[in-house]
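The values are calculated or read from the model by the stated rules, or taken from the named source; none is laboratory data. Please read these numbers as outputs of a predicted model, since none were measured by experiment. Cβ placement follows ideal geometry from the backbone for every residue including glycine, while neighbour counts extend to all protein chains displayed.
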Amino acid sequence: NAGVTQTPKFQVLKTGQSMTLQCAQDMNHEYMSWYRQDPGMGLRLIHYSVGAGITDQGEVPNGYNVSRSTTEDFPLRLLSAAPSQTSVYFCASSYSGSGAETQYFGPGTRLLVL
Amino acid sequence: AQSVTQLDSHVSVSEGTPVLLRCNYSSSYSPSLFWYVQHPNKGLQLLLKYTSAATLVKGINGFEAEFKKSETSFHLTKPSAHMSDAAEYFCVGLNTGTASKLTFGTGTRLQVTL
């Protein structure tokens, strides 16, 4: 049972490049989400999904796309990277997302946009 | 919507002395509140959660938190700090609706000195 996995661990992009951050979980969780962590700001919700085929925006969705074709995977796409997207990105999952459940976090992806 | 405020961005204690990390919340209804810990270059781990049951919540590694409605507080404490407690701690609130969304405080960095 690997929990929540994220790839890559580190990435450097040039402004305007696109990339996909991968997130997978093997706990059969319905709810998955993406956060970004910036100094002094805690974690902020980018997008979330309550099940395969269902996604919605969080607090800071601009510049990011998501899709959820399977229960296990929830990739985050940066369409045209900007320096403001330099951050640490965390993926999280929980069983249903409908209550005060423990959310399980991946180890994070550190992204630098030049 | 619920918000949480962590009153200290940085706390330094000596090993063996008590730890107090302060968190206030604002909510028009009974909240669900959590404390998460993040060790350097790691993901987030749940320490404890409050979900309208007992007001004193015990978590892992000797941490506990007390929900005080009259003070709108949910402070995290530990009787005796250990070097391994050095980390960043996040107070987190839960916004319920169509899906659960976590609202993070800005974090408190705990330093433990010899």
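Structural remarks
- Being more than 20 Å from A:Gly42 (Cβ to Cβ), without any contact (Cβ under 8 Å) to a residue 40 or more places away in the chain and in a strand (DSSP E or B) is a condition met by no residue of segment B:26-35.
- With respect to the stated conditions, B:Glu66 fails to be among the acidic types (Asp, Glu), within 11 Å of the chain's Cα centre (by Cα), buried (at least 19 other Cβ atoms within 10 Å of the Cβ) and farther than 16 Å from B:Thr17 by Cα.
- Of the criteria (1) more than 18 Å from A:Arg110 (Cα to Cα); (2) touching a helix residue (DSSP H, G or I) at 6+ places or on another chain (Cβ under 7 Å); (3) of a type outside the set (Gly, Ala, Ser), which one A:Thr15 fails: (1)
- Within segment A:42-57, the set of residues being surrounded by 14 or more Cβ atoms within 10 Å (Cβ to Cβ) and either more than 9 Å from chain B (Cβ to nearest Cβ) or outside any strand (DSSP E or B) (or both) comprises A:Gly42, A:Ile46, A:His47, A:Gly51, A:Ala52, A:Thr55.
- Across segment A:58-109, the number of residues qualifying as surrounded by 15 or more Cβ atoms within 10 Å (Cβ to Cβ), outside any strand (DSSP E or B) and of a type in the set (S, T, N, Q) comes to 6.
Per-residue answers, yes or no, for (1) among the small types (Gly, Ala, Ser); (2) free of Cβ contacts under 8 Å to residues at least 24 places away in the same chain; (3) closer than 30 Å to B:Ser9 by Cβ:
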position: A:Asn1; (1), (2), (3): no, no, no
position: A:Thr5; (1), (2), (3): no, no, no
position: A:Gln17; (1), (2), (3): no, no, no
position: A:Asp26; (1), (2), (3): no, no, no
position: A:Trp34; (1), (2), (3): no, no, yes
position: A:Gln37; (1), (2), (3): no, no, yes
position: A:Gly42; (1), (2), (3): yes, yes, yes
position: A:Leu45; (1), (2), (3): no, yes, yes
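- When segment B:69-109 is limited to residues that are at the interface with chain A (Cβ under 10 Å from one of its Cβ atoms) and among the hydrophobic types (A, V, I, L, M, F, W, C), the one that is farthest from A:Leu43 (Cα to Cα) turns out to be B:Ala99.
Residues are listed down the side, and each one gets a yes or a no for (1) modelled with pLDDT of 90 or more; (2) small (Gly, Ala, Ser); (3) surrounded by 12 or more Cβ atoms within 10 Å (Cβ to Cβ); (4) touching a Lys or Arg at 6+ places or on another chain (Cβ under 9 Å):
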| position | (1), (2), (3), (4) |
| --- | --- |
| B:Val19 | yes, no, yes, yes |
| B:Arg22 | yes, no, yes, no |
| B:Phe34 | yes, no, yes, yes |
| B:Ala53 | no, yes, no, no |
| B:Leu94 | no, no, yes, yes |
| B:Gly107 | yes, yes, yes, no |
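- Residues (outside any loop (DSSP other than H, G, I, E, B), away from chain A (no Cβ under 11 Å) and either in contact with a helix residue (DSSP H, G or I) (Cβ under 6 Å, 6 or more places away or on another chain) or not small (Gly, Ala, Ser) (or both)) located in segment B:38-68: B:Leu56, B:Val57, B:Lys58, B:Ile60, B:Asn61, B:Glu64, B:Glu66, B:Phe67, B:Lys68
- Answer from A:Gln11, A:Gln22, A:Gln37 - the residue that is within 14 Å of the chain's Cα centre (by Cα) and surrounded by fewer than 20 Cβ atoms within 10 Å (Cβ to Cβ): A:Gln22
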